[in-house]
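The values are calculated or read from the model by the stated rules, or taken from the named source; none is laboratory data. Quick caveat: nothing in here was measured; it's all calculated off a predicted structure. Methodologically, a virtual Cβ is constructed for each residue, glycine included, from the backbone with ideal geometry; neighbour enumeration extends over all protein chains shown.
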Amino acid sequence: MKALEDYLVVDFSQFLSGPSASLRLADMGARVIKIERSGVGDICRTLYTSNVIMNGESSVFHAINRNKESFEVDLKNEEDCKMVRELLKKADVMIHNFRPGVMERLGFDYVTVQQLNNNIIYAELSGYGTDGAGKGKPGQDLLLQSVTGLTWLSGNAGGPVAMGLSIVDMLAGSHLAQGILACLFRKATSGEGAFVQVSMIESAYDFQFETITTFMNDGGALPERTAQNNANAYLGAPYGIYKTGNGFIALAMGSIPVLAGLLGCKAMEHYTDPAEAFDKRDEIKAILADHLQTGSTEKWLAILEPADIWCSDVLNWKQLMEHEGFKALNMIQEVEMTDGYRYQTTRCPIRIDGELLVSSKGSPKLGQDNERIISQFVTVKSSVHE
């Protein structure tokens, strides 16, 4: 039995942030019912973030909505709203990620839902919170990366560089799931419901707790990335990724003189003062970058790994899929949709009592579960779906 079996989650959220939270709850055993707009569904079904279309819909939708059910309704139709209210009366958790004010207009704000179900856990995810000038702005990942300082940490010195993932969406979803789980524990012990709120902007600030703390206690000095091979604005040489004769190698923290001796790099031998690893990191990295190209990745790893130097190969996804370490983790699972369409995706990274949290249930077709949901939870039936 999975940890959250018998818990019911009603999820109004769309795109990435909210659905990533409900995905994690589904992985732990919760029954997740997506509330989807009639005829359209989750915007992520058709808002393609890649040119990969799977079974007629966006690859991102399939990745983040596996193991869920779809309840297709028109929230501007009162009969449909009655059905959703009946569902909420029996729910343990409700999730949404609409902009402030939307759920109030639809009649599914916290106060109203709590009157239907006073011990529900109502979880709300927004872009900028409910207060302040940004509260009505779109909670889009690139924009949030840009306004929170994240883009000045990645890449080499120069202009801002965005991370190559929708990292703020995923962080906010993770934080929302954490808040929900904490409140589910409290509900199990006291019977109390809760109002959980997470904003993407606060999640992005929290993500940087280490670097922001350093900034605030360093006289307000801005982080400085190295001109080349940057991997962390606050760490000295050799920290970075370097090209070799046939690929790339990643080097973490390490003594410059020790590294010079192991690699046979005489040009680095005179950097004996530990402070130079930061004060002169650009010139040290430039020397190291040139030297590492004289040998293969395999050559350097064979020298450095036995000496307990923190280093690794740099794999692309094709190489990763063939790597024995990746295969041993069983990170890939195959899931199947109700129409028989199968696809491969990642599994939940959490293990409980040594067991992997996997499920063969793929993403739902729009409205595929209406009949079953109505028969199980709803005492009033909309003519729209007859």
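If only residues of region 334-345 that are of a type in the set (V, I, T) and touching a residue at least 40 places away in the same chain (Cβ under 8 Å) are counted, the one that is surrounded by the most Cβ atoms within 10 Å (Cβ to Cβ) is V335.
When region 120-159 is filtered for residues that are surrounded by fewer than 21 Cβ atoms within 10 Å (Cβ to Cβ) and among the acidic types (D, E), only D131 remains. Taking first residues from region 173-187 that are of a type in the set (K, R) and partners that are at pLDDT 95 or above, the Cβ contacts under 7 Å between residues at least 6 apart in sequence or on separate chains come to R186/E192; R186/A194; K187/N119; K187/I121; K187/G193.
Just one residue in the set A194, A172, A177 is closer than 30 Å to I241 by Cα, modelled with pLDDT of 95 or more, touching a strand residue (DSSP E or B) at 6+ places or on another chain (Cβ under 9 Å) and among the hydrophobic types (A, V, I, L, M, F, W, C); that residue is A172. Selection over region 201-223 of residues that are in contact (Cβ under 8 Å) with a residue 12 or more places away in the chain and either in contact with a strand residue (DSSP E or B) (Cβ under 7 Å, 6 or more places away or on another chain) or at positive phi (or both) gives a count of 0. Restricting attention to region 302-333, the residues being of a type in the set (D, E) and surrounded by 12 or more Cβ atoms within 10 Å (Cβ to Cβ) number 2.
Which members of region 363-386 meet the condition of being among the charged types (D, E, K, R) and at pLDDT 95 or above? Residues satisfying the conditions are K365, D369, E371, R372.
Highlighted here are the strands (runs of 3 or more DSSP E) found entirely within region 194-272 that include at least 3 residues which are more than 17 Å from D290 (Cα to Cα): 194-199. Please find, within region 166-202, the residue that is surrounded by the fewest Cβ atoms within 10 Å (Cβ to Cβ) out of those that are among the acidic types (D, E) and more than 14 Å from the chain's Cα centre (by Cα). Going through the qualifying residues, I end up with E192.
With respect to A162, is the statement that it is assigned by TED's automatic domain parsing to the domain that holds C44, surrounded by 17 or more Cβ atoms within 10 Å (Cβ to Cβ) and at pLDDT 95 or above true? When the stated conditions are applied, A162 does not pass them. Only helices (runs of 4 or more DSSP H) whose full extent lies in region 1-117 are considered here, and the ones with at least 3 residues that are surrounded by 17 or more Cβ atoms within 10 Å (Cβ to Cβ) and either touching a Leu at 6+ places or on another chain (Cβ under 9 Å) or modelled with pLDDT under 95 (or both) are 17-27, 59-64, 78-89.
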